[in-house]
Amino acid sequence: MSSEPILLIKTSDRKIIIRTRIDDDFVENEILLGPILATYRRNNDPIVSNLLDLFESVIKRTVNEFIPHENLLMDYDIIADDSLDYASVISITLNSVEADGIKYKIEGGQFTISNLNEDREDKDKPYKGNINRVLITPKIVLKKYQEMYKKRQEELKKPKRQYVGESF
């Protein structure tokens, strides 16, 4: 097994699962697309930009719960079938994630989400771009993540429950 941290992204029509792991230790969070998209539509919010913000924040949260950090560098490409305000389909390719100098190997970092906005006949020019972000964790929030990390590490050190008939 490798001791390199891995960021795994799994997608389906209903959700995006984001998991960080080293060996058997992992932290996982998910984005349930149905309720999120319904909320954006009901509030007339810009769907794609809000979804990208949510995607970034869930990656940040997942990596922070796994290994607390102050700075997260994230680089990804996005392709949309229309301008970002009206896109009905977006494809994301996560190129790199680095937390305080620790690089994450990315698995499943390329995915497509469809049915975001109503498909229009008079489409603007398709969008293609690169997004490179530095997300900073405030000190007070970082302290909470460090406390969660210490607690998780203590739980990992505890002996695993052994069942009757199981050999040592």
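Restricting the stretch 87-114 to residues that are among the polar types (S, T, N, Q) and assigned to a strand (DSSP E or B), which is nearest to Phe26 (Cα to Cα)? If you could, list the steps in order and put the result at the bottom.
In the first step, residues of the stretch 87-114 are kept if they are among the polar types (S, T, N, Q); the result is 88, 91, 93, 95-96, 110, 112, 114.
The next check asks that each one be assigned to a strand (DSSP E or B); those that pass are 91, 93, 95-96, 110, 112.
On the way: Ser91: 26, Thr93: 22, Asn95: 21, Ser96: 19, Gln110: 21, Thr112: 24 Å.
Here the answer is Ser96.
Has the stretch 127-135 got at least one residue that is at pLDDT 90 or above, out of contact with any Phe, Trp or Tyr (no Cβ under 7 Å at 6 or more places or on another chain), open to solvent by less than 60 Å² (accessible area, probe 1.4 Å) and under 26 Å from Asp13 (Cβ atoms)?
Yes, because at least one residue in the stretch 127-135 is at pLDDT 90 or above, out of contact with any Phe, Trp or Tyr (no Cβ under 7 Å at 6 or more places or on another chain), open to solvent by less than 60 Å² (accessible area, probe 1.4 Å) and under 26 Å from Asp13 (Cβ atoms).
With the stretch 4-86 as the region, which strands (runs of 3 or more DSSP E) entirely inside it contain at least 1 residues that are out of contact with any Lys or Arg (no Cβ under 8 Å at 6 or more places or on another chain) and over 30 Å from Lys151 (Cα atoms)? Outline the logic, then answer.
Working: elements: 6-11, 15-22, 25-32, 71-80.
So the answer is 71-80.
Please enumerate the residues belonging to the stretch 113-124 that are of a type outside the set (A, V, I, L, M) and either in contact with a Lys or Arg (Cβ under 6 Å, 6 or more places away or on another chain) or in contact (Cβ under 8 Å) with a residue 24 or more places away in the chain (or both). Lay out the reasoning, then the answer.
Of the stretch 113-124, the ones of a type outside the set (A, V, I, L, M) are 114-115, 117-124.
Of everything in the stretch 113-124, those that are of a type outside the set (A, V, I, L, M) and either in contact with a Lys or Arg (Cβ under 6 Å, 6 or more places away or on another chain) or in contact (Cβ under 8 Å) with a residue 24 or more places away in the chain (or both) turn out to be Ser114, Asn115, Asn117, Glu118, Asp119, Arg120, Lys123, Asp124.
Select from the stretch 102-126 the residues that are touching a strand residue (DSSP E or B) at 6+ places or on another chain (Cβ under 6 Å) and open to solvent by less than 60 Å² (accessible area, probe 1.4 Å) and list them in ascending order.
Once the filter is applied, which keeps residues that are touching a strand residue (DSSP E or B) at 6+ places or on another chain (Cβ under 6 Å) and open to solvent by less than 60 Å² (accessible area, probe 1.4 Å), the stretch 102-126 yields Tyr104, Ile106, Glu107, Gly108, Gly109, Phe111, Ile113.
Could you grab the pairs with beta carbons closer than 8 Å, sequence gap of 6+ or different chains, first residue in the stretch 27-39 and touching a residue at least 40 places away in the same chain (Cβ under 8 Å) and within 14 Å of Asn115 (Cα to Cα), second one charged (D, E, K, R) and part of a strand (DSSP E or B)?
Close Cβ pairs satisfying both conditions: Leu33/Lys15.
Is one or more of the residues making up the stretch 90-101 surrounded by fewer than 16 Cβ atoms within 10 Å (Cβ to Cβ), among the β-branched types (Val, Ile, Thr) and under 19 Å from Arg19 (Cβ atoms)?
yes
Restricting attention to the stretch 93-111, which residues are in contact with a helix residue (DSSP H, G or I) (Cβ under 9 Å, 6 or more places away or on another chain) and among the small types (Gly, Ala, Ser)?
Answer for the stretch 93-111, where residues must be in contact with a helix residue (DSSP H, G or I) (Cβ under 9 Å, 6 or more places away or on another chain) and among the small types (Gly, Ala, Ser): just Ala99.
Pairs only if they're at least six apart or on different chains, beta carbon under 6 angstrom, first in the stretch 79-94 and more than 13 Å from Pro46 (Cβ to Cβ), second among the β-branched types (Val, Ile, Thr); list them, first residue then second.
Asp81/Val89; Ser91/Ile79; Ser91/Thr112; Ile92/Ile78; Leu94/Ile106
So in the stretch 52-87, with the set limited to residues that are of a type in the set (Ser, Thr, Tyr) and open to solvent by 10 Å² or more (accessible area, probe 1.4 Å), which one is nearest to Ile9 (Cα to Cα)?
The qualifying residue nearest to Ile9 (Cα to Cα) is Ser57.
The values are calculated or read from the model by the stated rules, or taken from the named source; none is laboratory data. Every value quoted in this text rests on a predicted model; they were computed, and no experiment measured them. Neighbour counts are summed over all protein chains in view; Cβ atoms, including those assigned to glycine, are modelled from backbone coordinates with ideal geometry. Calculation scope for accessible area: heavy atoms of the full protein, side chains included, ligands and nucleic acids excluded. Shrake-Rupley method; radii C 1.70, N 1.55, O 1.52, S 1.80 Å.
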